[in-house]
Structure formats: C-alpha cells, structure tokens
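A quick write-up on the structure given underneath.
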C-alpha cells in the first residue's frame, strides 16, 4: 500500500503546483495586458507567462504544461485580451509548446535554448494565424523581425526560468 499512497501524494502535489502555476501565469498575462511594455516592435510582448510554462515543462511534464498553458490562454483571452487575441495566443502557444517538448526530449538543448526556440515558434504561430485571418501571405515579411524578438525574449525568459527553477523546492514536484 505505501506505493499507492506515494503515487496519490505525487499526483496531489503536481495538481496543486499546476493550479498555482496556472494562477501565476494568468497574473503574468494580466500584467502584460495592462502594462505598456513596449519592446520597440508593434505587437511584440516579453512573454512573461512562458516563465511558468517552461518551468512546468521541466518540473512536471508535458501534460501539465499543456493544461497550464491552455487554462492560462483561455482565461486571459476571456478576461483581458478578447477572443481574437486568444486565438492568436492559442495558436502561438501550442506551436511553441510542441517545439519546446520536442527539443527538450532530444536532451541536446538547455532550458534557455528550449525557451529561445519556443519564443520563435510562438511568433511563427501567431504570424501563421494572422496571415490566415487577413488572407495575406505577405504577413510573413514581418517574420525576420519576429525571429529576432523571439530569440531575444526567449533567451531572457529562459535565463530567468532557469534561475527560478534552481531555487524552487524540489519537494514541490516530487
């Protein structure tokens, strides 16, 4: 019976951590929605909520990171940004998560490298949906700028996520 109890305790800890992570990611989304954080490029944000997603990906697992991301995107869309922004964020967020999951599984990239690729993939996903919505492939002329901003914000978020992750108590996840 001890293994059943340990398994139950682990699932409870992960569920609790997921709820806290989803709430924190939603708070970060709110901060980005209300603060005019201008990085010099129209429509580009830092992606503060991705701090939480990348930590969840490394400390929990893909399923938890997926649901935290999904809950955060849907609630932020309904509460702060609107349905169209939710569609953009959902597309970018899911493509980003898929890329990060794949790269993490290769064990060839650090958390910072995975985050950087996720930032670029997120921008690609949003550009993809934007070109579909406006029926204009020329939207991709903006992609080189978005690659640069995705790399920069992905590296920054990855560094901060790495530092935070190293300071989190392991007991929270194990």
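The values are calculated or read from the model by the stated rules, or taken from the named source; none is laboratory data. Just so we're clear, the structure is a prediction, and the values are computed from it rather than from any experiment. As a convention, Cβ positions derive from the backbone with ideal geometry for all residues, glycine included, and neighbour counts pool all protein chains shown.
Details
- Any pair with Cβ under 8 angstrom, 6 or more apart, that starts in the stretch 25-52 at a residue that is farther than 16 Å from residue 76 by Cα and ends at one that is at pLDDT 85 or above and part of a loop (DSSP other than H, G, I, E, B): 37/46; 39/46
- Annotation note: of 65, 85, the sole residue that is buried (at least 17 other Cβ atoms within 10 Å of the Cβ), assigned to a helix (DSSP H, G or I) and free of Cβ contacts under 8 Å to residues at least 40 places away in the same chain is 65.
Yes/no matrix, rows are residues, columns are (1) under 20 Å from residue 164 (Cα atoms); (2) surrounded by fewer than 16 Cβ atoms within 10 Å (Cβ to Cβ); (3) out of contact with any helix residue (DSSP H, G or I) (no Cβ under 6 Å at 6 or more places or on another chain):
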site: 106; (1), (2), (3): no, yes, yes
site: 109; (1), (2), (3): yes, no, no
site: 113; (1), (2), (3): yes, no, yes
site: 118; (1), (2), (3): yes, no, no
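- Residue in the stretch 155-170 that is touching a helix residue (DSSP H, G or I) at 6+ places or on another chain (Cβ under 8 Å), in a helix (DSSP H, G or I) and more than 25 Å from residue 18 (Cβ to Cβ) present: yes
- Neighbours by Cβ (under 7 Å, 6+ apart or cross-chain): first from the stretch 130-147, on the phi < 0 side of the Ramachandran plot and without any contact (Cβ under 8 Å) to a residue 60 or more places away in the chain; second surrounded by fewer than 10 Cβ atoms within 10 Å (Cβ to Cβ) and part of a helix (DSSP H, G or I): 131/137
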